[in-house]
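Participant: Could you have a look at this structure, given as structure tokens, before my questions?
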Amino acid sequence: MNTPFIRNHQLNVIKKQAEFLQKTLRTVADRKVLETVRYSAAAAILDAFPVLTEEQKGRLGQISGFETAYEFQRYLGALESELEPFPSITAKQIQKLFPKNKKLKLPELSSIDFRFVTYLGWSDIATNRLFIVYPFNGQFVGIEGRITPTHKKGYCLFCNRHQELAFFSVETKAAYASADNISRYGHYVCLDNEACNHSITHTEALEKFILTARK
Ligand SMILES: [Zn+2]
């Protein structure tokens, strides 16, 4: 049994590269082009990991030699068993992250497959609030804000995919005191958090948003 080392957003990178390479294998005959795509798929996957053992590098890099759909399937299936899930969290721990919210609506924790979660996000439709929980250095950080559906498609800040967006705005302490000492910080993000978690391939934008938005 191997130690889990792949996070959800890294699996998304691998899936994306596998999909692109398979599509290229089906549609492109030029050997040189194929070689380039094979090489760049493996390179993009290795790039998604800050640290890897030689053995892990070897296994991830196998993708550059695949020919059949079966090989891709077997590879992705094996890697799924090495996913490092979102750290386990209880309803009580979540409640503690939002101490001012007395009527906090909690996510359906039992129905979530935490292997495929980069950030835990859920919304309360009744109050138009979006909640996000993310682990930073072994500690959970929670942010909440107002969510306003735009009914339009655009690029999500977190996953960078073209999806139906909502404007997420969080109250923060103003850097320069205004009358009420409150300013808002916001961005367009996916309306569907689960779809966002299936698309996200980098955590930089998400982490920057959370660190700016937290009080
Ligand atoms: Zn998104």
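Participant: Given R₀ = 30 Å, what would the calculated FRET efficiency be for R161 paired with R214, taking r from the Cβ atoms and rounding to 0.05?
Facilitator: 0.75
Participant: Next question. Starting from 0.36 nm per residue, how many nanometres of slack lie between I125 and A205 once their C-alpha separation is accounted for?
Facilitator: Separation in residues times 0.36 nm, less the Cα-Cα distance, equals 26.3 nm.
Participant: Taking the Cα-to-Cβ direction at E67 and at D192 and moving 7 Å from each Cα, how far apart do the two end points lie in nm?
Facilitator: In this crude label model, E67 to D192 measures out at 3.7 nm.
Participant: While we're looking at this one, here's another question. Work out from phi, with θ = phi - 60° and the Karplus expression 6.51 cos²θ - 1.76 cosθ + 1.60, the ³J(HN,Hα) of each residue of region 190-205, listed in order in whole Hz, and give x for Gly and Pro.
Facilitator: Whole-Hz 3J(HN,Hα) from phi for region 190-205: 4, 6, 9, 5, 5, 4, 4, 5, 7, 10, 5, 10, 9, 9, 4, 5.
Participant: Kindly put K15, K100 in sequence by how many other C-beta atoms sit within 10 Å of each C-beta, fewest to most. Show your work: numbers first, answer last.
Facilitator: Values: K15 18, K100 6.
Ascending Cβ contact count within 10 Å gives the list K100, K15.
Participant: Could you work out which residue, out of P50, P149, P85, moves most in a Gaussian network model of the chain, that is, has the largest mean-square fluctuation with Cα springs under 10 Å?
Facilitator: P50
Participant: Hey, another quick one. Choose one answer from E144, E84, E19: the residue with the largest mean-square fluctuation in a GNM of the chain with alpha-carbon springs under 10 Å.
Facilitator: E19
Participant: Suppose R0 equals 25 Å; then what is the FRET efficiency for S169 and Q95 from their Cβ-Cβ distance, rounded to the nearest 0.05? Before the final figure, lay out each step's value.
Facilitator: On the way: r = 23 Å, r/R0 = 0.91.
That gives a FRET efficiency of 0.65.
Since every read-out is calculated from the coordinates, none of them should be taken as a lab result. What you see is a predicted model, and the numbers here were worked out from it, not measured in a lab. Counting neighbours? That spans all protein chains shown, and the Cβs are built from the backbone with ideal geometry, glycine included.
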